[in-house]
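Inspection log for the structure reproduced underneath, given as C-alpha cells.
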Amino acid sequence: MEWARAARAGMRRLGDLHSITTYQRTTTFRIHEPAVLPGIVQTEAYQRRMLAWWYGFLNAPDDTEAVLAMRAQRTAVALHPSKRIAIVLGEQAVRTRRGTPEEHADQLSHLMSVARSPYVSVGIIPADAQRRAIASIGFWIFDEAAVALETPTAAIKVTRPNEIELYVELFNQLQAEAIYGHDARRLIAEVIARL
C-alpha cells in the first residue's frame, strides 16, 4: 500500500494490519524496530512528533486527534494480560530523541514501565554487539498470520506461511542478540542520564 495515496484521506485509516480488529484478534505480537520505538510503547508526545513529520512528508490532511484516539484504543487492546508481546529494539531506537530531552526521558521511563508487565518482553540489541542477524527495517509479526513492514513510502503485508516462518526465525535470532532485564534497564537509564 502506498502511503502517499492512502494518506490523502488522513492517517487514521492507514494499514489494515495495524487496525484495532487485528490487535483484538492477535494473541502474540513479535516486534522488531531498529531505529524507532513501536507505537504500542510510545507516549503521546512521541506520537505527536512522529505524526507531525509524516503529515508533512506525505502531504496528508491533519487528523492528529483522531489518530491519537485510535492509537490509544489500539494500545489498550494490545497491552492486555491476555496478550503476549515480545519487542526487540536496536539501541538506536532508544537513543534517537524525538522532541525535547524531557519528552525523551518521559518516553524512556514509559518504555521501562511497559516492560515491567509480565506479558511484555523488551530486549535491546546494543550498538556494539557482535551481530549475526540482518534486519534492515522494522517488522511486526501478528501470531503466525501475517507480517507487517513499513518503508518510508509504503506498507508491505506478508501472508505466505513459508515467509512468515522465515520472519519468525529472524525474530528468534534477533532476540538471541538482545539484552534484557537489568542490562536493558541500565542501558536505558544511561541514555536518560545523558539527556
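Listing Asp183, Asp63 from the residue with the fewest other Cβ atoms within 10 Å to the one with the most, what is the order?
Final ranking by Cβ density, sparse to dense: Asp183, Asp63.
Assuming 0.36 nm per residue, please report the length gained on full extension of the stretch Asp128 to Tyr180 beyond their Cα-Cα distance.
17.2 nm
Sort 174-180, 98-104 for me by packing, meaning the mean count of neighbouring Cβ atoms within 10 Å per residue, highest on top.
Result, highest mean first: 174-180, 98-104.
To the nearest 20 debye, what charge dipole does the chain have about its Cα centre, counting +1 at the Cβ of each Lys and Arg and -1 at the Cβ of each Asp and Glu?
Working: 23 positive and 21 negative charges, 39 e Å.
Dipole about the Cα centre, nearest 20: 180 debye.
Compute the separation of the alpha-carbon centres of the stretch 88-163 and the stretch 23-80 and state it in Å as a whole number.
If you average the Cα positions of each part, the centres end up 12 Å apart.
Relative to the present Cα-Cα distance, how much length would full extension add between Lys157 and Asp143 at 0.36 nm per residue of separation?
Details: separation 14, 0.36 × 14 = 5.04 nm, distance 1.36 nm.
The span from Lys157 to Asp143 would gain 3.7 nm if fully extended.
For the chain, what does the helix formula give at 222 nm: sum of -39500 (n - 2.57) over DSSP H segments with n ≥ 4, over the residue count, nearest 500 deg cm²/dmol?
Numbers: 8 runs with 90 residues, N = 195.
One gets -14000 deg cm²/dmol as the mean residue ellipticity at 222 nm.
Modelled label-to-label distance, Thr27 and Phe57, 7 Å Cα→beta-carbon offset: nm?
For Thr27 paired with Phe57, the spin-label model returns 3.5 nm.
Coordinate-derived values only; no laboratory data. No experiment lies behind these values; they were computed from the predicted model shown. Don't worry about glycine lacking a Cβ; one is built from the backbone with ideal geometry, like all the others, and counts go over all protein chains shown.
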